[in-house]
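Trainee: Before we start, here is the structure in question, set down as structure tokens.
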Amino acid sequence: MNKIETIKNKTIENETINNHFEELEIKNATLNKINFQTSTFDYLEITNATIEYSTFSNLLLNDQSFYKVKFKNCNLLGTNFSNAFLKEVEFIDCNLSYATFSMATLEKVTMKDCNLKESSLYKIKQKNLILKNCDLEKVDVFETNLENLDIRTCNINQIKIDIKSMKGLIVNEEQALALAKFLQIIIK
């Protein structure tokens, strides 16, 4: 078991890290081509960091904190962000398939050109969430306030959504027709 208080003002590249961390704080850092795939975290806080081409697949990051973090070209397949706090976080060109954000707080979070197939956004608390050119196929967004969220550039094929969550959602005409099935109306 490792206790690391902070990684601060550093650039770390091309490493595989497979440790159990009681406490890890990453501040003002750049991580490039890091594989955390077999790491575990009791406490993780990442602040003001850029993380590129790194792997976090299937990690338990629930209840952890991320502030001013940019994930670019990262593999976050199956990562669990349940109950996590994400503020001013960007995901760009990331694989977030099967990721879970259930009951997480997402404030000023941007996901651009990301794959979110079969991910869960169940009961998230979001403020100023931006989704651009994302694949939302089979995403679960039940019991989530999506008011003013613009998903016109996203694929919503087979999205799992309830009527209440759709209130105020911004969609294009094709998406509106696809979502009409949840209203149990008949279009002829």
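Trainee: Just to be sure I understand: if I project the alpha-carbon convex hull of the chain onto a plane and average over all orientations, what area do I get in nm²?
Mentor: Values: hull surface 37.9 nm².
Taking a quarter of the hull surface, the average projection is 9.5 nm².
Trainee: Right, another one. Determine ³J(HN,Hα), in whole Hz, for all residues of segment 16-22 in sequence, where each value follows from phi through the Karplus function 6.51 cos²θ - 1.76 cosθ + 1.60 and θ = phi - 60°; x replaces Gly and Pro.
Mentor: After applying 6.51 cos²θ - 1.76 cosθ + 1.60, I find 10, 10, 10, 10, 9, 10, 5 Hz.
Trainee: Moving on to the next point. Could you list 117, 68 in order of exposure, starting from the residue whose Cβ has the fewest other Cβ atoms within 10 Å?
Mentor: Lowest count first: 68, 117.
Trainee: A further question on this structure: Kindly put 21, 91 in sequence by how many other C-beta atoms sit within 10 Å of each C-beta, fewest to most.
Mentor: Numbers: 21 18, 91 26.
Lowest count first: 21, 91.
Trainee: Here's a follow-up. Quick one: Karplus J couplings for segment 151-166, per residue in order, coefficients 6.51, -1.76, 1.60, θ = phi - 60°, nearest Hz, x for Gly and Pro?
Mentor: 10, 4, 8, 9, 7, 10, 4, 6, 4, 10, 9, 9, 4, 4, 5, 6
Only the coordinates and a few stated rules stand behind these numbers; no lab work does. Given the structure is predicted, the values throughout are model-derived calculations rather than measurements. Neighbour counts run over all protein chains shown; Cβ positions are idealised from the backbone, glycine included.
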